Amino acid sequence: MDAASAALIGMGLAAAGFAGAGVGIGYIFGKMIEAVARQPEAEGRVGKYMWIGFALVEAIALYGIVIAFIIMGLRGK
Amino acid sequence: MESNPLHPFELHPYGTLSLFGIDISLNKAVVMMWVVIALASWLLYRAGRERRLIPTRLQSLAELLVEFIKGMILDTMGEKGLRFFPFIATLFLFILFCNLLGLIPGSYTVTSQIVVTAAFALFVYAMSLVVGFALHGFRFLGILVPGGTPVLLLPLMVPIEIVSQLARPLSLAVRLFANMTAGHTILAVLFGMALSLPLWIGWAPFVFTIAINGLEVMIAVIQAYIFTILTCVYLGDAINLHGHAEGAH
Amino acid sequence: MTDEPDAFRKGLSFAARIGVELLAALIVGGGLGYVADTYFGTTPVLISIGLFLGMSAGLLNVYRTVSRL
């Protein structure tokens, strides 16, 4: 397998790592809905933490995108 | 159609200017930043010019914004954080307007350059370090030791905490940059597909771009909010060492 | 109504002062780093250290100005 196709497979594998981020985001929003369903007054306080948690989980997925872009940039060399 | 999906992000200079041998030529990103500054400051100036008791619509929008940011600061930083209110408000408004104005066709998203977001993140992190050292002196280094660890674990915990502290500005920069770049790249790829396919099937990616555009508006606002609230959390960590924010409502 | 433009100008001058302090400290730090770089002939390492120190000094100045509000 030559270097060009190996680079493309590497980019696809980096993108496949987003599955974990999808699970994480679904989990955190599911827990938020459950918490608000149990106690609707907690929505203000828990909502703030939900957005911070969502940002941190999504950042991991975006590290994957950055690695894919790095592999794409180094492809010609 | 484009072989390089990152084609919309290329910047071409309009002529060349140089100052002491450094290249400061204008390009689309610089002009967009000027537009953002002019628009944001003009809107807020108009909103705050006459302070009526029953506010006009623009004034009530500005009041909503001020209350929102003030609540965010009081939640995370406590009363001592209110002296950072102008900084946090400027940061929030600049990133919000940059993200939103990038969605207009023909304009450029300033925050989709890693240089811009890295400059913001480095500035915010340096500010948290400076404020921490100015307020607490060398005891600020105690932030590297979470409360209640036994002394034997210290040589293991301190390097881990140093790495996690250094990951903060990096993740702050990369999060905003990658969100904006990924959104616009998806739009570019989908439009390319919609144009290169024949009409009887090309309408499907086009409808999808409408939905993704709506998602992009939501992501623009959310990313500005997330950047700002993480800034408040990091500054709050530096101001109250391991303590809880006082004055939280 | 005569109070309002005065307060606006005071706020604007305060904001302009903070901005200029930050920019000036950054430029001085970067300039010192650049001069030291050309003197010692090392790689751009000294420019970046100078820029970082300049930014920190500017932020410290701004913090002291703001604390006295």
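Bear in mind these aren't lab numbers, they're just calculated from the coordinates by the rules spelled out. Everything quoted here is computed from the prediction, not taken from an experiment. Every residue, glycine among them, receives a Cβ derived from its backbone with ideal geometry; neighbour counts consider all protein chains shown.
Quick notes
- Highest mean first, the peptides B:227-235, B:54-62, A:10-18 sorted by other C-beta atoms within 10 Å per residue fall in the order B:227-235, A:10-18, B:54-62.
- Percentage relative contact order, chain A, counting C-alpha pairs under 8 Å, at least six apart: 55 percent
- Quarter of the Cα convex hull surface for region B:164-217, i.e. its orientation-mean projected area (nm²): 4.2 nm²
- Chain C: angle of helix C:3-40 to the longest principal axis, Cα-based, in degrees nearest 10: 0 degrees
- Contour minus Cα-Cα distance for residue B:27 and residue B:160 (0.36 nm per residue): 43.7 nm
- Largest-first principal axis extents of the Cα set of region B:89-154 (Å): 59, 25, 18
- Cα-based Rg and Dmax for the protein assembly as shown, where Dmax is the largest Cα-Cα distance (Å): 23.4, 78
- In this Cβ point-charge picture (+1 for Lys and Arg, -1 for Asp and Glu), the protein assembly as shown has a dipole of about 480 debye about its Cα centre.
- Interchain or long-range residues, amide H under 5 Å from residue B:27's placed H: B:14
- Among C:64, B:49, B:175, a tally of other beta-carbon atoms within 10 Å of each Cβ gives an order, fewest to most, of C:64, B:49, B:175.
- The fraction of all Cα pairs in chain B landing in successive 10 Å bins from 0 to the largest distance is 6, 23, 28, 23, 14, 5, 1, 0, given as whole percents.
- Charge dipole of chain B about the Cα centre (unit charges at C-beta), most positive-ward option of B:236, B:223, B:56: B:56
- Principal semi-axes in Å for region B:31-111 [√(5λ), Cα gyration tensor, largest first]: 24, 18, 10
- Estimated translational D of region B:114-236 in µm²/s (Stokes, Kirkwood radius over Cα pairs; 4 °C; 1.567 mPa s): 74 µm²/s
- When B:108, C:34, C:39, A:27 are sorted by how many other C-beta atoms sit within 10 angstrom of their C-beta, beginning with the fewest, the order is C:39, A:27, C:34, B:108.
- Along its three principal directions, the equivalent ellipsoid of region B:3-65 from the Cα gyration tensor extends over semi-axes of 38, 17, 7 Å, largest first.
- Candidate lysines - alpha carbon under 24 Å from residue A:48, same-chain residues fewer than 8 apart omitted: A:31, B:70, B:80
- The angle between the Cα long axis of helix B:85-101 and the longest principal axis of the Cα atoms of chain B comes to about 20 degrees, rounded to the nearest 10.
- Averaged over peptide B:176-189, the number of partner chain Cβ atoms lying within 10 Å of each residue's Cβ comes to 2.
- Where Rh is the Kirkwood radius over Cα pairs, Rg/Rh for chain C: 1.24
- The eigenvalues of the Cα gyration tensor, multiplied by 5 and square-rooted, give region A:3-73 an equivalent ellipsoid with semi-axes of 36, 11, 4 Å from largest to smallest.
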